[in-house]
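Visitor: Below is one structure. I have some questions about it.
The values are calculated or read from the model by the stated rules, or taken from the named source; none is laboratory data. Quick caveat, the model's predicted, so the values are computed rather than measured. Please note: Cβ atoms are built from the backbone with ideal geometry, for glycine as well, and neighbour counts cover all protein chains shown. Heads up: the accessible areas ignore ligands, DNA and RNA and are worked out on the full protein's heavy atoms, side chains in. Shrake-Rupley method; radii C 1.70, N 1.55, O 1.52, S 1.80 Å.
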Amino acid sequence: MIKSELVQAIANRNPHLYQRDVETIVNAIFDEITEALSDSNRVELRGFGAFSVKNRPPRSGRNPRTGEAVSVEEKWVPFFKAGKELRERLNAK
Amino acid sequence: MGDRTLTRADLAEAVFRKIGLSRTESAQLVEMVLEEICSTIASGESVKISSFGSFLVRDKNERVGRNPKTGEEVPISPRRVAVFKPSNVLKDRILEAHGKRAASGLELMRAAE
């Protein structure tokens, strides 16, 4: 499923809304999560999961081709942990 | 900054600010979007949101685990798990925002010396 299909599915269930409004809504949700993570905040959605930012401290790595030592800068990466309900639904028979 | 946890209510508020719907309906739409994504993943189908990231379903084989308290070996049954692969746009946004803050923090420390 891609974003336009998600928008379509929600629009089908809300005939009183224009499709472009549903698109605005879906974008607002993901923009808000993106903004929160950029500000180093967490987003916790019970049943669905939680988004957070993980810090990767600087380290010295190696160029795998030449074996040369290179320094790798500190990094911040987005992380998602699936919620309990989602984990259970994935494995429900 | 950095110490807040956003919830459904914050997402509903963002939707409310963007579009002329009631707060109640904004909250219902947030719920509907999350439920649609959840049920799609639960059915085993991945969900790709451009410029945000993809929710993928991975199949895990059975493996041997260990009870960390007793050290006892226990089999971990085969299962499906959801993983999130962030898009480059999202990764770059987060890296840039944090890098800038780290840089301005360093400057402040130098100025104070």
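Visitor: For the pair B:THR7 and A:ALA69, how long in nm is the line joining their label points, each one 7 Å along Cα→Cβ?
Guide: Calculated label separation equals 4.9 nm.
Visitor: If packing is taken as the average number of other Cβ atoms within 10 Å across a peptide's residues, how do A:1-8, A:64-71, B:99-106 rank, most packed first?
Guide: A:1-8, B:99-106, A:64-71
Visitor: I need the phi-derived Karplus couplings for the stretch B:27-41: 6.51 cos²θ - 1.76 cosθ + 1.60, θ = phi - 60°, integer Hz, Gly and Pro marked x.
Guide: Result, ordered by residue: 5, 5, 5, 4, 4, 4, 5, 4, 5, 4, 5, 4, 6, 5, 4 Hz.
Visitor: I want to verify a result. In a Gaussian network model of chain A, Cα cutoff 10 Å, which of these has the top mean-square fluctuation: A:SER38, A:SER60, A:SER52?
Guide: Its mean-square fluctuation being the largest, the pick is A:SER60.
Visitor: A follow-up question, please. What net charge is computed for the residues neighbouring A:VAL43, neighbours being all others with C-beta under 9 Å from the C-beta of A:VAL43, Lys and Arg scored +1, Asp and Glu -1? Don't jump to the answer; show the numbers that get you there.
Guide: Values: positive: A:ARG42; negative: A:GLU32, A:GLU44, B:ASP10.
Here the charged neighbours net out to -2.
Visitor: Can I ask one more? Could you give the nm distance between label points at B:SER77 and A:ASN12, where each point is 7 Å from its Cα heading toward the beta carbon?
Guide: Result: 3.2 nm between the two label points.
Visitor: May I ask for the Kirkwood hydrodynamic radius of chain A, worked out over all distinct Cα pairs and given in angstroms to one decimal?
Guide: 16.7
Visitor: Place a +1 charge on the Cβ of each Lys and Arg in the stretch B:1-62 and a -1 charge on the Cβ of each Asp and Glu, then give the dipole magnitude about the Cα centre in debye, rounded to the nearest 20.
Guide: So the magnitude is around 240 debye.
Visitor: Right, another one. Can you pull out the trypsin sites (Lys or Arg not before Pro) in the stretch B:1-82 that DSSP calls coil and that have at most 14 other Cβ atoms within 10 Å?
Guide: In loop regions of the stretch B:1-82 (DSSP not H, G, I, E or B), the sparsely surrounded trypsin sites (Lys or Arg not before Pro) are B:ARG4, B:LYS69.
Visitor: Suppose R0 equals 35 Å; then what is the FRET efficiency for B:MET32 and B:GLU96 from their Cβ-Cβ distance, rounded to the nearest 0.05?
Guide: 0.65
Visitor: Say R0 is 35 Å: what FRET efficiency, to the nearest 0.05, do B:GLU62 and B:SER39 get from their beta-carbon distance?
Guide: Once rounded, the FRET efficiency stands at 0.85.
Visitor: Can you give the accessible area buried between chains A and B, summed over both chains, with a 1.4 Å probe, in Å² to the nearest 100?
Guide: Using a 1.4 Å probe, the pair buries roughly 4700 Å².
Visitor: Using the Cβ atoms and a cut-off under 11 Å, what net charge is assigned to the surroundings of B:ARG4, where Lys and Arg are +1 and Asp and Glu are -1?
Guide: That works out to -3.
Visitor: For a quick check: with amide H placed at 1.01 Å from N, whose amide H comes under 5 Å from A:GLY49's, ignoring anything fewer than 5 positions away on the same chain?
Guide: Amide H neighbours of A:GLY49, under 5 Å, 5+ apart: A:GLY83.
Visitor: Reachable lysines from B:LYS100, Cα under 20 Å, same-chain residues fewer than 8 places away excluded?
Guide: A:LYS54, A:LYS75, B:LYS91
Visitor: Related question: Using the heavy atoms of the protein chains alone and a 1.4 angstrom probe, what is the accessible area of the stretch A:3-93 per residue in square angstrom?
Guide: 61
Visitor: Which GluC sites (Glu not before Pro) from the stretch B:35-102 combine a DSSP loop assignment with at most 14 other Cβ atoms within 10 Å?
Guide: On the way: sites: B:GLU35, B:GLU36, B:GLU45, B:GLU62, B:GLU72, B:GLU73, B:GLU96; in loops: B:GLU45, B:GLU62, B:GLU72.
Those that pass, being in a loop and sparsely packed, are B:GLU45, B:GLU62, B:GLU72.
Visitor: Taking the Cβ of B:VAL81 as the centre, find all other residues whose Cβ is under 9 Å away and add up their charges (Lys, Arg: +1; Asp, Glu: -1).
Guide: Local charge sum for B:VAL81: +4.
Visitor: So what's the protein assembly as shown giving for Rg/Rh, alpha carbon basis, Kirkwood Rh from the mean inverse pair distance?
Guide: On the way: Rg = 20.3 Å, Rh = 19.4 Å.
Result for the protein assembly as shown is an Rg/Rh of 1.05.
Visitor: Carbon and sulfur: what percent of the protein assembly as shown's accessible surface (1.4 Å probe)?
Guide: Accessible surface attributable to carbon and sulfur in the protein assembly as shown totals 49 percent.
Visitor: Quick one: which residues, 5+ away or cross-chain, put their amide H under 5 Å from the amide H of B:ARG80? H built at 1.01 Å from N.
Guide: Close amide H contacts, sequence-distant or interchain: B:LYS60.
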